[in-house]
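Report on one structure; see the data block that follows.
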Amino acid sequence: MALGKDMSMGIVVLSSPLPSAPFAEALRAAAPDIPVWTEQDDPPADEVEALLAWRLKPGIVGRYPRLRLVCSTGAGVDKLLVPDLPAGLPLTRVVDPDQAVQIAQYVLGCTLRHTRDLTLYAAQQSQRLWRRHPVRPSARCRIGILGFGAVGQAIARAFGPVGYPVTGWSRRPKAVAGCVCVHGASGLAQVLATSDVLVCALPLTAETRGLLDHRRLSALPAGAYVINVGRGEQLVEDDLRRLLDDGHLAGAALDVFEREPPPADHWVWSHPRVLATPHIAAQAADSVVAAQCVAALRAVREGRLPDHAIDRHAGY
Ligand code: NDP
């Protein structure tokens, strides 16, 4: 029997810590002809053709001798790149324009809360204080976006009507209308030196892990604000804290953390100038995740490279 043409071959959902049932239901709705199992179903190992997963532990992939595809439940794949993932196995991620727009909404909201002094006015209101402050000019609200892909560019588009100048940093050179585009090491120095609001929208790779450390955060202009919607491991949290406490940085909005959730006694929960949210900047719809997983499986069955397959060498 030809691999993949076997009608019993199917998909296992490994979405922990997110519940697997909604993804399984969405997959069955998208492709009633493809068997779908969750881990609790004890799937028949030699009938598993694809995994839809958020993270993998070493040893899992080896359980399935006929595996030919791994799909991420999210836009990032960093928790799937285990050492025993076979080099030639296609690994796809979700690319959802609605998700990118959701992140842009989050970043825009956090930015305006800072640049328009809404936290200050909320504090004044609690004291029944009627005091006006000058509006910060747009030229002093320069936005720097690290990671200028699907998410980074959606964020840039959200700032167009607001009038804040945007610089985007990517690995390779690119041109995006209305934005300054920089890349590489010199581009990083440039974007850091000119960002009143720095947004991290990078994938987590060997190169981006620990990128925002004390030295790089110190290169931001005094009074800068930091927003992290990429991955927690890209920002050295204790370095951020030092720069908040010594007054170099004005504040931060963090949606992702070195450890999720942060321990109950972690300083981010109570720092007066940190907004901490539980990795909610965006959530891809289960139906979109399922449709892209099924499309990827059909592509693999037809011998094509699926859409949104990551570059295993680059790691994203
Ligand atoms: P893309 O692959 O479309 O874009 C990634 C961008 O990062 C590209 O511009 C890429 O450069 C750049 N990049 C990667 N490595 C480097 C590097 N070493 N130096 C400089 N630039 C680099 O990914 P998305 O935009 O779709 O997603 C980005 C990340 O956002 C995800 O991996 C995930 O971590 C995070 N995310 C967070 C969510 C949340 O809820 N908080 C939800 C969704 C995503 P180049 O263009 O040259 O390839």
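The values are calculated or read from the model by the stated rules, or taken from the named source; none is laboratory data. Keep in mind that what you see is a predicted model, and the values were worked out from it rather than measured. Here the Cβ is made from the backbone with ideal geometry for all residues, glycine too, and neighbour counts use every protein chain on show.
Every residue in segment 1-14 that is modelled with pLDDT under 95 and surrounded by 15 or more Cβ atoms within 10 Å (Cβ to Cβ), please.
Hit for segment 1-14 is Gly4, nothing else.
From the list Ala50, Ala21, Ala87, Ala45, exactly one residue is surrounded by fewer than 20 Cβ atoms within 10 Å (Cβ to Cβ) and either within 22 Å of Ala295 (Cβ to Cβ) or within 16 Å of the ligand (Cβ to nearest atom) (or both). Which is it?
Criteria check complete, one pass: Ala21.
Output the residues belonging to segment 162-177 that are more than 23 Å from Asp96 (Cα to Cα), more than 10 Å from the ligand (Cβ to nearest atom) and surrounded by fewer than 20 Cβ atoms within 10 Å (Cβ to Cβ).
Val162, Gly163, Pro165
Report yes if Val94 is near the ligand (Cβ under 10 Å from one of its atoms), out of contact with any Lys or Arg (no Cβ under 7 Å at 6 or more places or on another chain), not acidic (Asp, Glu) and not in a helix (DSSP H, G or I), otherwise no.
yes
Starting from segment 204-232, keep only residues that are closer than 24 Å to Gly247 by Cα, then list their pairs with residues that are among the acidic types (Asp, Glu) and within 8 Å of the ligand (Cβ to nearest atom) whose Cβ atoms are within a distance under 7 Å, requiring at least 6 positions of separation or different chains.
Listed pairs, sorted by first residue: Asn228/Asp255; Val229/Asp255.
For every residue, the table says whether it meets (1) of a type outside the set (Ser, Thr, Tyr); (2) under 25 Å from the mean Cα position of the chain (by Cα); (3) assigned to a helix (DSSP H, G or I).
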position	(1), (2), (3)
Ala29	yes, no, yes
Asp33	yes, no, no
Trp37	yes, no, no
Gln40	yes, no, yes
Pro43	yes, no, no
Ala50	yes, yes, no
Val77	yes, yes, no
Val82	yes, yes, no
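How many residues are more than 22 Å from Glu25 (Cβ to Cβ) and either of a type in the set (Phe, Trp, Tyr) or away from the ligand (no atom under 11 Å from the Cβ) (or both) when one looks only at segment 257-300?
Residues in segment 257-300 being more than 22 Å from Glu25 (Cβ to Cβ) and either of a type in the set (Phe, Trp, Tyr) or away from the ligand (no atom under 11 Å from the Cβ) (or both): 21 in total.
Please work out which residue is surrounded by the most Cβ atoms within 10 Å (Cβ to Cβ), limiting yourself to segment 191-222 and to residues that are among the hydroxyl-bearing types (Ser, Thr, Tyr) and more than 12 Å from the ligand (Cβ to nearest atom). Walk me through how you get there before you give the answer.
We begin by selecting, within segment 191-222, every residue among the hydroxyl-bearing types (Ser, Thr, Tyr); these are 194-195, 205, 208, 218.
Going one step further and asking which of them are more than 12 Å from the ligand (Cβ to nearest atom), we end up with 194-195, 218.
Values: Thr194: 18, Ser195: 23, Ser218: 15.
Filtering segment 191-222 for residues that are among the hydroxyl-bearing types (Ser, Thr, Tyr) and more than 12 Å from the ligand (Cβ to nearest atom), the one surrounded by the most Cβ atoms within 10 Å (Cβ to Cβ) comes out as Ser195.
Can you tell me which of Ala123, Ala53, Ala104 is free of Cβ contacts under 8 Å to residues at least 24 places away in the same chain and of a type in the set (A, V, I, L, M)?
Sole residue among the options that is free of Cβ contacts under 8 Å to residues at least 24 places away in the same chain and of a type in the set (A, V, I, L, M): Ala123.
Any residue that is more than 10 Å from the ligand (Cβ to nearest atom), in contact with a Phe, Trp or Tyr (Cβ under 7 Å, 6 or more places away or on another chain) and not acidic (Asp, Glu) - is there at least one of those in segment 146-161?
Scanning segment 146-161, I find no residue that is more than 10 Å from the ligand (Cβ to nearest atom), in contact with a Phe, Trp or Tyr (Cβ under 7 Å, 6 or more places away or on another chain) and not acidic (Asp, Glu), so the answer is no.
Looking at Arg55, is it surrounded by fewer than 22 Cβ atoms within 10 Å (Cβ to Cβ), within 15 Å of the ligand (Cβ to nearest atom), at pLDDT 95 or above and not hydroxyl-bearing (Ser, Thr, Tyr)?
In short, yes.
Determine if segment 274-289 includes at least one residue that is polar (S, T, N, Q), crowded, with 17+ Cβ neighbours inside 10 Å and closer than 25 Å to Val48 by Cα. Write out each step before concluding.
Initial filter on segment 274-289 (polar (S, T, N, Q)): 277, 283, 287.
Next, from what is left, pick out any that are crowded, with 17+ Cβ neighbours inside 10 Å: none.
Within segment 274-289 (the criterion being polar (S, T, N, Q), crowded, with 17+ Cβ neighbours inside 10 Å and closer than 25 Å to Val48 by Cα), the answer is no, since none of the residues qualifies.
Which of the residues spanning segment 219-262 are part of a loop (DSSP other than H, G, I, E, B), among the β-branched types (Val, Ile, Thr) and closer than 15 Å to Tyr106 by Cβ?
Val229, Val256
Could you check Arg116 against (1) away from the ligand (no atom under 11 Å from the Cβ); (2) buried (at least 22 other Cβ atoms within 10 Å of the Cβ) and say which number it fails?
(2)
Go through Leu18, Leu69, Leu56 for me and flag whichever is in contact with a Cys (Cβ under 9 Å, 6 or more places away or on another chain) and among the aliphatic types (A, V, I, L, M).
On inspection, the qualifying residue turns out to be Leu69.
I need the full set of residues from segment 263-284 which are part of a strand (DSSP E or B) and closer than 18 Å to Glu233 by Cβ, in order please. Write out each step before concluding.
Going residue by residue through segment 263-284, those that are part of a strand (DSSP E or B) are 274-276.
Answer for segment 263-284, where residues must be part of a strand (DSSP E or B) and closer than 18 Å to Glu233 by Cβ: Val274, Ala276.
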